[in-house]
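A.B. asks: One structure is given below, represented as C-alpha cells, and several questions about it will come after.
The values are calculated or read from the model by the stated rules, or taken from the named source; none is laboratory data. None of the values given here were measured: they were computed from a predicted structure. Methodologically, a virtual Cβ is constructed for each residue, glycine included, from the backbone with ideal geometry; neighbour enumeration extends over all protein chains shown.
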Amino acid sequence: MAQMEKIRCAILRGGTSKAMFLMENDLPRDVEARDKVILKVFGSPDVRQIDGLGGADPLTSKLAIIGPSSRPDADVDYTFGQVSINKPYIDYSGNCGNISSAVGPFAIDEGLVRCQEGITTVRIHNTNTGKLIIADVPTVDGKAAVIGDCVCDGVPGTGAMIMLDYSDTTGAVTNKLLPTGNPIDTLDIPGFGKIEASLVDVANPMVFVRAKDLGLTGVETPQQVNSNPELLKTLESIRGTAAVMMGMATDLKDALERVPAFPMIAFVSPPQDYTDFTTGNPVKAEEVDLVSRLMFMQVIHKTYAGTGTVCTGSAAVIPGTVVYEQIDRPREKPLLRIGHPAGVIEIEMASKITDGNVTITRAAISRTARRIMDGSVYIIPEQK
C-alpha cells in the first residue's frame with residue numbers, strides 16, 4: 001500500500017442521510033489541500049463516484065469533519081460538507097440536520113465526550129453556521145444506543161431516539177430570522193415572472209413558495225419533479241434569486257456554482273391525501289399539518305432535511321409567511337407534522353412574539369442514527 005495514503009474513516013447514517021466521518025487531525029490543515037483529499041475519498045468529480053466511497057446521490061455524498069471544540073460552551077466542533085458529485089467542489093455554506101444527529105453518537109463512541117448512562121447530552125458547535133445544537137443521545141454500557149422504537153420515515157426499521165434542539169440556530173447564515181425583514185416578498189424570476197416567497201433563516205436559510213403558484217398540487221413524487229426540466233430550472237432560478245437577496249450570492253450563476261446547496265427551496269401546500277412513494281402506503285390529510293416538497297442540490301429531496309424541518313417549523317409560527325398560511329388556525333399543539341414524499345416528520349415548536357418580533361424558543365426534532373462501518377479509506381496522493 002506504499003503508493004497510497006490511508007485515512008481513518010467511519011460511515012454513519014444520520015436520519016435519512018449518510019456521511020463519511022473524518023477526524024480533523026487526520027486531514028491537512030491547509031483547506032485547499034484538505035478538500036483535494038476529501039474529493040478523493042468520495043471519488044468526485046464523477047457521476048458514479050466509482051473510485052471512492054460516495055454513493056452517487058446527494059443524500060449520501062455528505063461529509064462530517066469532527067474535532068475538539070473551539071469554544072467553551074460546546075463539546076465538539078462539527079463541520080458539514082456537501083460534496084459535489086460531478087464537480088470538484090465542496091459546499092460548506094450550511095449544515096445538514098440529518099447528519100447532525102449522528103455527531104453525538106460518534107463523539108460518544110470515539111471517547112470525545114464522557115458518556116453518562118441513560119442519556120448523554122452533547123453540545124455540538126456547527127462551524128458552518130457558528131451555532132450550537134444540543135443533542136440528547138440515549139446510551140447503554142458506555143456507548144450510544146442503537147436499538148429502540150423510534151420510527152424515522154424514510155429509514156427502514158426503528159432505532160434509539162436522538163433529540164436535537166435547534167433553538168439557538170436563528171440567523172444561521174444571515175444573522176436574521178427574516179433575511180429581508182419581511183415575512184413575504186415578491187420575487188421577479190427570469191423566464192417565469194413574479195412569485196411570492198418567504199425567506200427564512202433558522203438552522204439553514206430557506207425560501208418557501210406555494211405549490212399552486214407553480215401550477216403544482218404539492219404532492220408530486222420525486223420522479224415527477226426530477227423528470228420536469230422546466231420546473232427544475234424555475235425552482236433553481238427562484239432559489240438563486242433568493243440567495244442573492246439573502247446576500248449569499250452575487251447572481252444566479254454564482255448561486256449555482258458556489259452555493260448550490262443553500263439556501264434550500266421548498267414548495268408548500270395545505271394538508272391533503274397522498275401516497276408514500278417508498279412504501280405505497282397512504283398518508284392522510286389528517287395526519288399532517290402541511291405538505292412540503294424540498295429541493296436539495298437541484299433535485300427533490302426524497303424525504304426531508306433535518307435543518308429544513310427546523311426552518312419549515314419556524315416559518316410555520318411566523319405570521320404572514322406562505323408556510324404559516326397553509327395551516328388551519330388556531331394551532332395549540334407544540335408538535336408540527338410536515339408531510340414529505342416518504343411520510344411525515346414531526347418537530348416540537350415553541351415561540352413568543354414581543355412587539356411584533358418572533359423569537360424561536362424551541363425547535364426540536366427526533367432522529368435515529370447508527371455507525372455502519374469504520375476503518376481506513378485509501379487514496380492515491382497528488383502526483384508531484
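A.B. asks: If only one of 346, 382 is in contact with a helix residue (DSSP H, G or I) (Cβ under 9 Å, 6 or more places away or on another chain) and either among the aliphatic types (A, V, I, L, M) or in a strand (DSSP E or B) (or both), which one is it?
C.D. replies: Going through 346, 382 in turn, the sole match is 346.
A.B. asks: Hand me the list of strands (runs of 3 or more DSSP E) wholly inside the range 1-114 holding 3 or more residues that are surrounded by fewer than 18 Cβ atoms within 10 Å (Cβ to Cβ).
C.D. replies: 5-14
A.B. asks: Please count how many residues of the range 133-151 are surrounded by fewer than 19 Cβ atoms within 10 Å (Cβ to Cβ) and among the aliphatic types (A, V, I, L, M).
C.D. replies: Matching residues across the range 133-151 total 5.
A.B. asks: When you scan the range 134-143, do you find a residue that is part of a loop (DSSP other than H, G, I, E, B), small (Gly, Ala, Ser) and in contact with a Gly (Cβ under 7 Å, 6 or more places away or on another chain), even just one?
C.D. replies: no
A.B. asks: Does the range 195-211 include one or more residues that are crowded, with 17+ Cβ neighbours inside 10 Å, at negative phi and over 22 Å from the mean Cα position of the chain (by Cα)?
C.D. replies: Yes, the range 195-211 contains at least one residue that is crowded, with 17+ Cβ neighbours inside 10 Å, at negative phi and over 22 Å from the mean Cα position of the chain (by Cα).
A.B. asks: Taking the options 279, 321, name whichever one is assigned to a loop (DSSP other than H, G, I, E, B) and either modelled with pLDDT under 95 or within 14 Å of the chain's Cα centre (by Cα) (or both).
C.D. replies: That would be 279, the only listed residue that is assigned to a loop (DSSP other than H, G, I, E, B) and either modelled with pLDDT under 95 or within 14 Å of the chain's Cα centre (by Cα) (or both).
A.B. asks: Out of (1) among the aliphatic types (A, V, I, L, M); (2) in contact with a Ser or Thr (Cβ under 7 Å, 6 or more places away or on another chain); (3) more than 24 Å from residue 207 (Cβ to Cβ), what's the single condition that is false for residue 372?
C.D. replies: Result: residue 372 passes all but (2).
A.B. asks: Sticking with this one: Among (1) at pLDDT below 95; (2) surrounded by 20 or more Cβ atoms within 10 Å (Cβ to Cβ), there is one condition residue 190 misses while meeting the rest; what is its number?
C.D. replies: (2)
A.B. asks: Is it true that residue 333 is assigned to a strand (DSSP E or B), of a type in the set (Lys, Arg) and farther than 24 Å from residue 137 by Cβ?
C.D. replies: Judged against the criteria, residue 333 is not a match.
A.B. asks: Looking at residue 339, is it at positive phi and not acidic (Asp, Glu)?
C.D. replies: no
A.B. asks: Here are 367, 293, 371: which of them is closer than 25 Å to residue 196 by Cα, touching a strand residue (DSSP E or B) at 6+ places or on another chain (Cβ under 7 Å) and at pLDDT 95 or above?
C.D. replies: The conditions single out 293.
A.B. asks: Going by the structure shown, is residue 98 in contact (Cβ under 8 Å) with a residue 40 or more places away in the chain and in contact with a helix residue (DSSP H, G or I) (Cβ under 7 Å, 6 or more places away or on another chain)?
C.D. replies: So residue 98 fits the description; yes.
A.B. asks: Let me ask something else. Given the conditions (1) under 22 Å from residue 315 (Cβ atoms); (2) surrounded by 18 or more Cβ atoms within 10 Å (Cβ to Cβ), which single one is not true for residue 287?
C.D. replies: Looking at each condition in turn, residue 287 falls short on (2).
A.B. asks: If we keep just the residues of the range 234-252 that are in contact with a strand residue (DSSP E or B) (Cβ under 6 Å, 6 or more places away or on another chain) and outside any loop (DSSP other than H, G, I, E, B), which is surrounded by the fewest Cβ atoms within 10 Å (Cβ to Cβ)?
C.D. replies: The selected residue is 237.
A.B. asks: Would it be correct to say that residue 261 is touching a strand residue (DSSP E or B) at 6+ places or on another chain (Cβ under 9 Å), hydrophobic (A, V, I, L, M, F, W, C) and buried (at least 20 other Cβ atoms within 10 Å of the Cβ)?
C.D. replies: Against the criterion (touching a strand residue (DSSP E or B) at 6+ places or on another chain (Cβ under 9 Å), hydrophobic (A, V, I, L, M, F, W, C) and buried (at least 20 other Cβ atoms within 10 Å of the Cβ)), residue 261 qualifies.
A.B. asks: Residues that are hydroxyl-bearing (Ser, Thr, Tyr), surrounded by fewer than 22 Cβ atoms within 10 Å (Cβ to Cβ) and closer than 26 Å to residue 151 by Cα: does the range 362-382 have at least one?
C.D. replies: yes
A.B. asks: Residue 251 - would you say it is acidic (Asp, Glu) and either touching a Pro at 6+ places or on another chain (Cβ under 8 Å) or farther than 26 Å from residue 358 by Cα (or both)?
C.D. replies: Judged against the criteria, residue 251 is a match.
A.B. asks: Filter the range 282-308 down to the residues that are outside any helix (DSSP H, G or I) and hydroxyl-bearing (Ser, Thr, Tyr) and list them by number.
C.D. replies: 292, 303, 304
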